[in-house]
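The values are calculated or read from the model by the stated rules, or taken from the named source; none is laboratory data. In this text the structure is predicted, and so the values were computed from the model without any measurement. Neighbour counts are summed over all protein chains in view; Cβ atoms, including those assigned to glycine, are modelled from backbone coordinates with ideal geometry. When the accessible area is computed, the model is the full protein with side chains, heavy atoms only, and any ligands, DNA or RNA have been set aside. Shrake-Rupley method; radii C 1.70, N 1.55, O 1.52, S 1.80 Å.
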Amino acid sequence: MHSDVHPRWVALLQWLSGHGMDVSPEKLKVIARFAPDKTDAGFGLFSLRAVEPSAPLFAIPATALLNHLTLASHYPPTKPRLSCMQFVSLHLLLHRPKEDHLDSSDPLFGPYISVLPRNFDSHPLTWLWKERLDSSRSTCESQLLRKLPPSALNKVETVLRLFDRDWKRIRQYLEVNPSLLEKQWSTVDISERETDYLWAWLNVNTRCIYHRLEKVQSDENNMTLCPILDFANHTTTPPFMMPQATRAEIWDTGPSKKRKYGEDFVLLSPSTTSTPANEEMLLRYGAHSNATLFAEYGFVNHLDGEQKDGLELEVDKEVEVLFSSRGAVGSWMREVLIDEGYWGDWTLHSSPTPAHPSFRLITALRLLHLFPESSKQLPSNPYDSLHLWRDTLLGKRERISQENEILWRASLLKICEDLVERGTQGLAATTEMQDRGEPTWVPAAKSSVATLWQEEIYVATNVIKSIRENEEF
């Protein structure tokens, strides 16, 4: 076994073999090795030999997948039921390795839990969680938080709210079932376990993958942690690996009753090309913006060449301020947008060209200028004019009026100009951050924050160019 192979790889395969997985070289075509050109990524999945397109790389038995179906029988029932996210993170909380050099003592999934990351110090959720505990200290984490673009910080705050929601539910469950904690710790002070739960929750949030386990496709419990798969690093462009669709997914029925734990998980090699031996094989985590990747996974796609395609910038805060400044008129407009399903999720996009605002953003800005900006009070019957705006939603007319088009485009131009100015200042402040013997992950984190600012400048600059060249959106 080469020295760059994950030190717990053999133990993981032995455990998987005990679940009935064929780990022979003919059936397992990848290995977890250190990724030398991605030191911030740690380990990756590499091909053991040349692999044809769309070939099965491995098949994980359903019993070795870590989800609510494989865990439910080992825990006291509760109503309402724990979600898959809550169930798996609870299990990881209870079976976290006691020390970094030790393995998990979990009799069910110990060898798998033992290969999961031991800490998430570099993840922005950890920074924000620590900041909430003690905001008086100036740390590298607090400095990085203050350097984040507002749109990225907003997304991290959203992730924190999801964590808080799940931790509250798990605390309620453990208060009713204290014996679960007693098996692992001498004291049963649940509040002392929040750090462990943060580690557990981040492992699930950064490593879970869609897997059909429920009847309805949109069910939040269609997810699992999957051994071996979570060694795979992310790419935005082909070639990348893809899970094989299960029968439950193909027929949109959910797993059959005969399959108590759902179906096995099969990963396929890239469909577009053959893969040579000793090549890192990558996975696409999803079509996410950099701000979302950063908030959810703790990394970004750096902007070079083709990576500048598909960039996205959220401008919710900037637009909300415009409506707030309109007094009663703005409040009424906000309610209209909420009722029509167009409040929030307003974005700018670098591609497809020309760089452009989303239809949701155009829709909101058109409504913003439905009445003169000087109007602080609503007309006696504002709905007389609202039908003009609604007709643009229904495709009955292209625009409210030429004047309305000029005004909303002017507002968009001002938003973008402000973003460029803010981004330039934010990038300079991030670049000027002084190194003071911080942890080894800090330079990569600073680079990610700088990339977020660069993306903001790039997208806003290109939308400005589109507006000034009178591009049609």
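Binning every alpha carbon pair distance of segment 291-388 at 5 Å from zero, what are the percents per bin? Per 5 Å bin, starting at 0, the Cα pair percentages come out as 2, 11, 19, 19, 15, 11, 8, 7, 5, 2, 0.
Counting protein heavy atoms only, the chain has 51 percent of its accessible area on carbon and sulfur, 1.4 angstrom probe. Over the C-alpha atoms of segment 98-206, the Rg to Rh ratio, Rh being the Kirkwood estimate, stands at 1.00. Taking all Cα-Cα distances within the chain, those exceeding 35 Å account for 43%. Of 345, 189, the order by accessible heavy-atom surface (1.4 Å probe, DNA, RNA and ligands excluded), from most exposed downward, is 345, 189. For a Förster distance of 25 Å, can you work out the FRET efficiency between the beta-carbons of residue 49 and residue 23, rounded to the nearest 0.05? That pair, residue 49 with residue 23, gives E of 0.95.
Over the C-alpha trace of segment 183-238, radius of gyration and Dmax come out as 15.8, 50 angstrom.
Taking the centroid of alpha carbons for each part, segment 281-333 and segment 81-141 are 27 Å apart. Of the residues 339, 106, ranked by 1.4 Å probe accessible area with the largest first, the sequence reads 339, 106.
Take each peptide in 465-473, 379-387, 113-121, count the other Cβ atoms within 10 Å of every residue, and average; sorted highest first, the result is 113-121, 465-473, 379-387. Under 14 Å from a label point set 7 Å out along the Cα-to-Cβ vector of residue 72, the amide N atoms of segment 243-267 belong to 254-263.
Estimated from helices alone, the mean residue ellipticity of the chain at 222 nm is -13500 deg cm²/dmol (sum of -39500 (n - 2.57) over DSSP H runs with n ≥ 4, per residue).
Put simply, when 429-439, 272-282 are sorted by average Cβ atoms within 10 angstrom per residue, most first, you get 272-282, 429-439. Across all directions, the shadow cast by the convex hull of segment 150-256 built on its C-alpha atoms averages 10.2 square nanometres. When Rg and the Kirkwood radius Rh are both evaluated on Cα atoms of segment 24-97, their ratio Rg/Rh stands at 1.12. The distance from the alpha carbon centre of segment 169-225 to that of segment 245-270 is 24 Å, rounded to a whole number.
Using alpha-carbon pairs under 8 Å, 6+ residues apart, how would you state the relative contact order of segment 312-469 in percent?
Worked out over segment 312-469, it gives 26 percent.
Per residue, the solvent-accessible area of segment 30-124 (1.4 Å probe, heavy atoms of protein chains only, all protein chains present) comes to 41 Å². Rg of the Cα atoms in segment 312-469, relative to 2.2 N^0.38 Å, amounts to 1.23.
Considering every alpha-carbon pair of segment 43-297, the percent of pairs per 5 Å bin, from zero through the bin containing the longest distance, is 1, 5, 12, 15, 17, 17, 15, 10, 5, 2, 1, 0.
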